[in-house]
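In what follows, a single structure is set out as structure tokens and then discussed.
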Ligand code: ZN
């Protein structure tokens, strides 16, 4: 299970395979509903046994409603000479997401209000959507906008907004316990690479890796459109949420920025400690805020799941964000691989961050006769011996190995080895059944509290 430092050759190949998958997903015109999401989930499903759910338009989800399904066949602005001066076929960002069907002719003056540009980046196409207000529009390079001549333009948007469904994919990998670790990524952006093909590529590879061997926790992966997708998933899984022990939203994992962990709303969730430890010295930890991706929904007060978020650059904080410059040149195999390996480290910590009980807590048990301690007295104990002393001292059932790592300054891996040795010598009890039962009891209490609140 340990993630060994990869050889340079392996590093290149794993990173390249993440990048190649992101590149396959990149051209697809995704939105919060429609064929693009299905095509995307089909590519993921070819690698992991995803269950694809379809939830009908009009379904109420909390304060929201699943919108009409949007699909687009073609869209263009055509000049008097018949040239497609704005062409959806050239780049799917050219059409405002969820544009309603249009067939008309307008003067440049009339058309202007429908054209979105980025004057500060004249060669980039902005990304715009209008999911919940019926509208239409085009996005284009500011440079091309300046080149448009006065005159009449034909506008053709061959789209459909019709009753259909919202599509999301879900994968469950059962572990030894029913307690769940939830990974979430959004699947609703068209041709944007870092946001959001990188998240889908890393999460798919992570699911493959987790499925490769038996795990302590049950792992659930949800690939859903942002906001309405996570709300829909929450609505349909509300009765199961008490099982979620840790949750992590994955997004923006391919750019060259440093890894950034956004803490959960609770701020002291175990996942907060785990990811902060996994990133130590090689990334930033930022506080929770009620903005961003699906952590907004997972951490809304009615759920308050222990959900953090892992990105590299954060949303809105890199110039290419939500523009055509967030393309395959922004993401790199090395960045994707680094993100993936960090996720692997996080999973290892989740799996092994146990609490123990010292079975001989009155005074120090003798380690020498048990073959655990150096025979020769007088010198300072070696790191491994220190680690055993720390684990024995702190193991009263309340401190996890990560708590002990922080307090002692010793590496988690050394403490974990010490705990294994002490357990093998009969000095520590590994209490998975006890802690799981306690956890379930706590979860039941939380759920009961929620149920009461809802019915009052
Ligand atoms: Zn986005």
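Of the numbered criteria (1) farther than 27 Å from residue 177 by Cβ; (2) in contact with a helix residue (DSSP H, G or I) (Cβ under 6 Å, 6 or more places away or on another chain); (3) crowded, with 18+ Cβ neighbours inside 10 Å, the one residue 365 fails is (2). Applying the criterion of being within 16 Å of the ligand (Cβ to nearest atom) and closer than 19 Å to residue 339 by Cβ to the residues of the range 203-225, the residue that is surrounded by the fewest Cβ atoms within 10 Å (Cβ to Cβ) is 203.
When you go through 274, 228 one by one, which is the residue that is within 16 Å of the ligand (Cβ to nearest atom) and more than 18 Å from residue 197 (Cα to Cα)?
Criteria check complete, one pass: 228.
When residue 260 is tested against (1) within 16 Å of the ligand (Cβ to nearest atom); (2) without any contact (Cβ under 8 Å) to a residue 60 or more places away in the chain; (3) touching a helix residue (DSSP H, G or I) at 6+ places or on another chain (Cβ under 8 Å), only condition (3) is not met.
Quick grid of which residues meet (1) more than 20 Å from residue 250 (Cα to Cα); (2) buried (at least 19 other Cβ atoms within 10 Å of the Cβ); (3) more than 16 Å from the ligand (Cβ to nearest atom):
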site: 118; (1), (2), (3): yes, yes, no
site: 125; (1), (2), (3): yes, yes, no
site: 128; (1), (2), (3): yes, no, no
site: 135; (1), (2), (3): yes, no, yes
site: 147; (1), (2), (3): yes, no, yes
site: 197; (1), (2), (3): no, yes, no
site: 200; (1), (2), (3): no, yes, no
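When we screen 137, 164 for residues that are modelled with pLDDT of 95 or more and within 28 Å of the chain's Cα centre (by Cα), the only hit is 164.
Filtering the range 161-191 to residues that are within 16 Å of the ligand (Cβ to nearest atom) and within 21 Å of residue 343 (Cα to Cα) leaves 184, 185, 186, 187. Mind checking which residues of the range 270-283 are in contact (Cβ under 8 Å) with a residue 24 or more places away in the chain and exposed (fewer than 14 other Cβ atoms within 10 Å of the Cβ)? Matches in the range 270-283: 282 only. With respect to the conditions (1) outside any loop (DSSP other than H, G, I, E, B); (2) more than 27 Å from the chain's Cα centre (by Cα), residue 82 falls short on a single one, namely (1).
Within the range 293-319, the set of residues being over 22 Å from residue 238 (Cβ atoms), under 17 Å from the mean Cα position of the chain (by Cα) and touching a residue at least 40 places away in the same chain (Cβ under 8 Å) comprises 310, 311, 312, 313, 314, 315.
Only one of the listed residues (398, 383) is surrounded by fewer than 17 Cβ atoms within 10 Å (Cβ to Cβ) and touching a strand residue (DSSP E or B) at 6+ places or on another chain (Cβ under 8 Å). That residue is 398. Which numbered condition trips up residue 398, out of (1) at pLDDT 95 or above; (2) closer than 15 Å to residue 357 by Cα? In the conditions (1) at pLDDT 95 or above; (2) closer than 15 Å to residue 357 by Cα, residue 398 misses (1) alone.
Among the listed residues 97, 169, which satisfies the condition of being under 22 Å from residue 27 (Cβ atoms), assigned by TED's automatic domain parsing to the domain that holds residue 323 and at pLDDT 95 or above? Explain how you work it out, then say what you get.
Details: 97 fails: assigned by TED's automatic domain parsing to the domain that holds residue 323.
Checking each option against the conditions leaves just 169.
Checking the stated criteria, residue 76 turns out not to satisfy the condition of being modelled with pLDDT of 95 or more, away from the ligand (no atom under 16 Å from the Cβ) and in a loop (DSSP other than H, G, I, E, B). For the range 277-297, the candidate set comprises residues that are out of contact with any helix residue (DSSP H, G or I) (no Cβ under 9 Å at 6 or more places or on another chain) and more than 22 Å from residue 186 (Cβ to Cβ); within that set, the residue that is modelled with the highest pLDDT is 280. Would a scan of the range 52-62 turn up a residue that is crowded, with 18+ Cβ neighbours inside 10 Å and farther than 16 Å from residue 169 by Cβ? Checking the range 52-62: at least one residue is crowded, with 18+ Cβ neighbours inside 10 Å and farther than 16 Å from residue 169 by Cβ.
Look at residue 244 and say whether it is at negative phi, away from the ligand (no atom under 16 Å from the Cβ), in the same structural domain as residue 41 (by TED's automatic domain parsing) and in contact (Cβ under 8 Å) with a residue 60 or more places away in the chain. Reasoning before the result, please.
On the way: at negative phi: yes; away from the ligand (no atom under 16 Å from the Cβ): yes; in the same structural domain as residue 41 (by TED's automatic domain parsing): yes; in contact (Cβ under 8 Å) with a residue 60 or more places away in the chain: yes.
Yes, satisfied.
Residue count for the range 237-264, restricted to those that are in a loop (DSSP other than H, G, I, E, B) and surrounded by fewer than 23 Cβ atoms within 10 Å (Cβ to Cβ): 5.
The values are calculated or read from the model by the stated rules, or taken from the named source; none is laboratory data. Note that the structure is predicted; figures quoted are calculated from it, not measured. FYI the Cβ positions are ideal-geometry reconstructions off the backbone, even for glycines, and counts take in every protein chain you see.
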